[in-house]
Amino acid sequence: MKQEKSCGAVVTRKVGDEVEILLIRHKNGGHWAFPKGHVENDETEAETALREIWEETGLKVELDTDFRRVVTFSPKPNVMKDVVYFAAEAQPDDTLKAQEEELLDILWEKPEDALKRITFDNDKETLRAFLNYREQHR
């Protein structure tokens, strides 16, 4: 069985007293999720997450590796994939720049709207885990 690994983050920004969640819509499959991508060469998980967020969104974020959630699934026969998610914060005035080769859309959502828009249950669970983490670490 082939093993794959990707890293990314639940990216947030503060707008006034509110928090917003960054969601991306992938060209491959059209699903809504968080920015992530494959580990390259000898990158650390954090390095991969930062690179992928920048490549897909144009954002330079501050990564919080104390939040770390691993989602494991089989994207195709004979392949198991681990996706490691961290938390990340963008500056409110940072400009989004969607990676046209990979993304159909990119947007900021309030947490309750993000939960409705996210396509896969494991990503919804990741967002719920992040929101619980955030509540406990204010």
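A short reminder: the numbers here are calculations on the coordinates, not readings from a lab. Since this is a predicted model, take the numbers as computed values, not measurements. Please note: Cβ atoms are built from the backbone with ideal geometry, for glycine as well, and neighbour counts cover all protein chains shown.
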query: How about Lys116: which aspartates and glutamates have a C-alpha closer than 15 Å to its C-alpha, ignoring those fewer than 8 places off in the same chain?
result: Glu20, Glu125
statement: Computed over the chain, the relative contact order (Cα-Cα under 8 Å, seq sep at least six) in percent reads 34
task: With only Lys, Arg, Asp and Glu charged, each at its Cβ (+1 for the first two, -1 for the last two), find how big the charge dipole of the stretch 35-138 is about the Cα centre; round to the nearest 20 debye.
output: 500
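Given an 8 Å cut-off on Cα distances and at least 6 residues of separation, report the relative contact order of the stretch 38-108 as a percent.
Values: 86 pairs, mean separation 22.5, N = 71.
In percent, rounded to a whole number, it is 32.
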- line: Measuring from the longest principal axis of the C-alpha atoms of the chain, the long axis of helix 45-57 (C-alpha) lies at a number of degrees, nearest 10, equal to 70
field: Per-residue ³J(HN,Hα) for the stretch 107-112, Karplus 6.51 cos²θ - 1.76 cosθ + 1.60, θ = phi - 60°, Hz, x for Gly and Pro
entry: 7, 9, 9, 5, x, 5
query: In terms of modelled amide H atoms, which long-range or inter-chain residues lie less than 5 Å from the amide H of Arg68?
result: none
message: For the chain, give me the percentage of DSSP beta bridges that are antiparallel, rounded to the nearest 5 percent.
response: 70
For the chain, built as a Gaussian network whose Cα springs stay under 10 Å, the top-fluctuating residue of Val71, Val61, Val79: Val79
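Mind listing which chymotrypsin sites (Phe, Trp or Tyr not before Pro) in the stretch 63-138 are in a DSSP loop and have 16 or fewer other Cβ atoms within 10 Å? Don't jump to the answer; show the numbers that get you there.
Details: sites: Phe67, Phe73, Tyr85, Phe86, Trp108, Phe120, Phe130, Tyr133; in loops: Phe120.
In loop regions of the stretch 63-138 (DSSP not H, G, I, E or B), the sparsely surrounded chymotrypsin sites (Phe, Trp or Tyr not before Pro) are Phe120.
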query: Helix 121-136 versus the longest principal axis of the chain: what is the Cα-based angle in degrees, 0 to 90, to the nearest 10?
result: 40
message: Within 10 Å, at most 11 other Cβ atoms, and a DSSP state outside H, G, I, E, B define an exposed site. Report the longest part of the chain free of exposed GluC sites (Glu not before Pro).
response: 41-99
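Rounded, prolate or oblate for the stretch 84-138? Axes are the square roots of the Cα gyration tensor eigenvalues, ordered a ≥ b ≥ c, and the cut-off for rounded is a/c under 1.5. Write down the numbers at each step before the final one.
Working: a/c = 1.94, a/b = 1.33, b/c = 1.46.
Oblate.
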query: For Cα extents along the principal axes in Å, which listed value, (i) 58, 38, 30; (ii) 47, 33, 31; (iii) 38, 35, 27, comes from the coordinates shown?
result: (ii)
message: Can you give me the long-range amide H partners of Ala9? Hydrogens built in the peptide plane at 1.01 Å from N, cutoff under 5 Å, separation of 5 or more residues or another chain.
response: Phe86
message: Run the reach check for Lys60 against aspartates and glutamates, Cα to Cα strictly under 13 Å, same-chain hits fewer than 8 apart removed. What comes back?
response: Glu47, Glu52, Glu89, Asp93, Asp94
- line: Simple spin-label estimate for Asn122/Glu62, 7 Å along Cα→Cβ, in nm, reads 3.1
